Structure formats: C-alpha cells, structure tokens
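Chemist: This is the structure I have questions about; it appears just below.
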Amino acid sequence: KITKKKMSNKPTNKPHSANFGSGPCAKRPGYKIEEALKDSALGRSHRSELGKQKIGFALSETKRLLQIPEDYRVGLVTGSDTCAFEMAMWSLLGPRPVDVCCWESFGKGWLVDATKQLPLAESKGGKGVFEIQAEYGLLPDLSRTNPSHDIVFTLNGTTSGVKVPNFGWISSDREGLVLCDATSGIFAQDIEWSKVDVVTFSWQKVLGGEAGHGIIILSPRAVERLETYTPSWPLPKLFRMTKNGKIDEALFKNSPINTPSLICVEDYLDALRWVNSLGGVSKLQELTITNFQVLEEFVNRTSWIDFLAKEPNTRSTTSVCLSVHDCTEKQLKSICSLLSSEGVAYDIASYPDAPPGLRIWCGATVLADDLKIALEWLEWAHTKVLSEEQK
C-alpha cells in the first residue's frame, strides 16, 4: 500500500445523498416521494381488486427481472426478510439433518433458531444440526455441507462483508433442500436458481425500498416438502404456507397472510420500474461493482484501513466492512459522529455484534461520485479525530 499524506484541509463538496447505511439503504437516484407514490392505493384494502393488482404485479415483476424459473413461486410477507426466512425454517426443516453455515450475525441467528428454538438437534429428538462456522472476515469451507442434509446459508454476510462467491459447492443431485437468505446480495449477485430451493430477501437493501416486508421464493422441491411434511411443532399463523395439505396459491399470487403496507408496495414498484428503466439487474450489478471499485481504490492507497473480508473473491460488493488499524473503538465512534454531524455520511459504523470498524453500503442506489466525496470526508475526519486525541 502507498501511505498517502493525510488530508488536513476540510473538504468543501458534500454528497447529494449521505445515506451509506446497510439497511434501510439509500433511495434510488432522483427519487421524489410525491412522484414515486402518486399512483399508490393509499387508504385501500390489500384485498381490493386494486390492492391485489398492485401486489400481484410486484410479484410478477420480481420474478421477471430476477429471471426466476416459471415453476418457482414468489410471495410477499410482512416482517421483512427475518419473517420470510423463519417461516421457511419453521415450516420446512425437520425431516433431514440440517447443515447451518454461518460466519456473521444473521447466519448465527439462524443457527440459534435451529439449535435452541426448533427441536432439530439430536439431543432434542431431531435428526441433528451440523454447524459449519468461520470467524468474522472468513468464509467457512462450504464443501463440508452434505447433499443429503438440508442446508441453511446466507448469500451475503451483511455484518461481516463476506459473500458466497458462487454456487458450485451445492450439488445438483442433492436430496435435501437449500435455504438461502439473500437479502443483501440479491439484485447485486447472480443466483443459480437450480441450486436453491428457498430464497428470501427484503426490498430495503439493494433496491432502497422501505422496511418491514419480505419476499419468499420457493422451488417445486420446497413446495413438495410443504405438501408432504407437517412439523411436529405448532406453526404461528404468519408462518403457514399451506391449506388443507396443499400450497396456499393465493399467498403466491396476490394475497399475503396479513396486511402489507400498500405505500411500501408502491415504493417497491417504483424501484422495480427504475431497474427496468436501467435495462435490468445486470445494470444494478455493474453500478454496484463500480461503487465497490471506488472504495477498493481508497483502501489500496490508504495505510490505515483494510477490508474485514480476508479473501478478495469473498468480499461483498454491497455491505463493505472495513477495519481501521490505528483507531480505538471510541475514536471510531467519534469519526462516525463527526461525519454524521457534517451531513456527509450516515450510519457507517460497523454492526453492533461485529468487530469495531466501518461498514459502507455500495449498492446500486449509491452514486459513485457521492462515495468519492464521502471518502474524502472520511480521510479528513480520521485525521481530525486522531490529531485531537494527541493534543
């Protein structure tokens, strides 16, 4: 690395948007709420024809833009990605041993579900839970997963900045189901649909949508499991995806289990229209990579900062986590507070459970020029905080 002379002069330019947090994330460039929501079904029932039309179109556009296979089902749930993924775990797991792959906070949360909330462990009478773990900054050896087991994993570790680079480790001839929490990776990473049976996400990440809603995607194999297996434990109403032993097709057409916000649905439709206007998901990926490269160039030329993710091919291009070598946790908080007070970078502290550092969102709704300006301010804030500590 080249140690660049530290910036002492306070920058004068400010980003158009200072929102670099990892969820909810920045709105799309040019977003105006009065335009985005002008056709919303405000005040209408989600069961009305208009409400159903809005929800149904959101689901069909999701399927089209992500190139999801025709025989996969796409549904809307409330409770964000967390509810979507837990309804899958609680409804589908049990018939086979489960491999839980985790290397950051959210994956560890799914491990808690599997080992402490659900009776899946052998000690609780289940088929067994096998933990495949790695510390922050590393990806575990995913080849250790067993194709005869059900597999649970996170596509992109939002709190560690470590992603799964490909799906080659998943067997095409697997017997078990593969459950993928893709919330901060989908729309920014390609998904090999034949390798996954459940995919969940929240539209508050790469698309910059509003919080509180999740999308669940099921393969035909997942549907078969739902229709042939009944868990031994009670299922809350919010988790029930079948009726009379058959998949609830209405859920995957236009009728969520409980009431969604039609304002949030309209906001999501605005995001999907934006994706369509750009030319599709590939453009989102291109924009994300461009943003990541801006940050990568900064890291490469700056001696006091580095990626938390150790291996380049596993580095997230969305939720980029950074280690700052010469700062205490207190100094990091001061840097983040200073940048926030200046209105140039909000919500860039590392996740509370993660190692102290910074986390900067580089998804497609962030402008590369805004990111460049924010990094100038970061360099200035780093110098200012450290120099004041030395006085």
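The values are calculated or read from the model by the stated rules, or taken from the named source; none is laboratory data. This structure is a prediction, so every number in the text was calculated from the model and none was measured. Note that we place each Cβ from the backbone using ideal geometry, even for glycine, and neighbour counts take in every protein chain shown. Note: areas computed on protein heavy atoms with side chains; ligands, DNA, RNA excluded. Shrake-Rupley method; radii C 1.70, N 1.55, O 1.52, S 1.80 Å.
Chemist: Of all residues in the stretch 66-84 being closer than 15 Å to S261 by Cα and part of a strand (DSSP E or B), which is modelled with the lowest pLDDT?
Modeler: Among them, the one singled out is T78.
Chemist: For residues in the stretch 91-146 being aromatic (F, W, Y) and part of a helix (DSSP H, G or I), which is modelled with the highest pLDDT?
Modeler: Step by step, filter the stretch 91-146, then rank; the result is W110.
Chemist: Buried (at least 23 other Cβ atoms within 10 Å of the Cβ) and either small (G, A, S) or over 17 Å from S160 (Cβ atoms) (or both): which single residue out of S337, S323, S350 fits that description?
Modeler: S350
Chemist: Which members of the stretch 168-218 meet the condition of being charged (D, E, K, R), part of a loop (DSSP other than H, G, I, E, B) and either open to solvent by 10 Å² or more (accessible area, probe 1.4 Å) or on the phi > 0 side of the Ramachandran plot (or both)?
Modeler: Within the stretch 168-218, D173, R174, E175, D190, E192, K205, E210 qualify.
Chemist: What are the residue pairs meeting all of these: first residue in the stretch 127-154, first residue touching a residue at least 60 places away in the same chain (Cβ under 8 Å), second residue among the hydrophobic types (A, V, I, L, M, F, W, C) and not in a loop (DSSP other than H, G, I, E, B), Cβ atoms under 6 Å, and 6 or more apart or on different chains?
Modeler: Once the first residue is touching a residue at least 60 places away in the same chain (Cβ under 8 Å) and sits in the stretch 127-154, its partners that are among the hydrophobic types (A, V, I, L, M, F, W, C) and not in a loop (DSSP other than H, G, I, E, B) give L139/V162; V152/V100; V152/W110; V152/L179.
Chemist: Can you say whether I55 is free of Cβ contacts under 8 Å to residues at least 24 places away in the same chain and among the aliphatic types (A, V, I, L, M), as far as the supplied structure shows?
Modeler: No.
Chemist: Where in the stretch 281-391 are the helices (runs of 4 or more DSSP H), entirely inside, with at least 2 residues that are under 19 Å from K205 (Cβ atoms)?
Modeler: Once the helices (runs of 4 or more DSSP H) in the stretch 281-391 are filtered for at least 2 residues that are under 19 Å from K205 (Cβ atoms), what remains is 281-301, 368-390.
Chemist: Being touching a residue at least 60 places away in the same chain (Cβ under 8 Å), within 20 Å of the chain's Cα centre (by Cα) and open to solvent by less than 20 Å² (accessible area, probe 1.4 Å) is true for just one of T314, T302, T290. Which residue is that?
Modeler: T314
Chemist: Determine whether V265 is more than 16 Å from the chain's Cα centre (by Cα), surrounded by 17 or more Cβ atoms within 10 Å (Cβ to Cβ) and either more than 30 Å from T318 (Cα to Cα) or modelled with pLDDT under 95 (or both).
Modeler: Answer is no for this residue.
Chemist: Right, another one. Residues of the stretch 221-241 being outside any loop (DSSP other than H, G, I, E, B) and open to solvent by 50 Å² or more (accessible area, probe 1.4 Å), which ones?
Modeler: R221, E224, E227, T228, K237, L238
Chemist: If we scan the stretch 92-101, do we find a residue that is crowded, with 24+ Cβ neighbours inside 10 Å and among the β-branched types (V, I, T)?
Modeler: yes
Chemist: Quick one: which of F85, F20, F57 is over 29 Å from R221 (Cα atoms), touching a helix residue (DSSP H, G or I) at 6+ places or on another chain (Cβ under 8 Å) and hydrophobic (A, V, I, L, M, F, W, C)?
Modeler: Answer to the check: F20.
Chemist: Related question: Just to check your reading of the model, which residue among S80, S48, S17 is without any contact (Cβ under 8 Å) to a residue 40 or more places away in the chain and among the small types (G, A, S)?
Modeler: Going through S80, S48, S17 in turn, just one is without any contact (Cβ under 8 Å) to a residue 40 or more places away in the chain and among the small types (G, A, S): S48.
Chemist: On the basis of being basic (K, R), in a loop (DSSP other than H, G, I, E, B) and either at pLDDT below 95 or open to solvent by 30 Å² or more (accessible area, probe 1.4 Å) (or both), does R44 make the cut?
Modeler: yes
Chemist: Right, another one. Out of curiosity, is W377 in contact (Cβ under 8 Å) with a residue 40 or more places away in the chain, touching a helix residue (DSSP H, G or I) at 6+ places or on another chain (Cβ under 9 Å), of a type in the set (F, W, Y) and farther than 17 Å from K10 by Cβ?
Modeler: no
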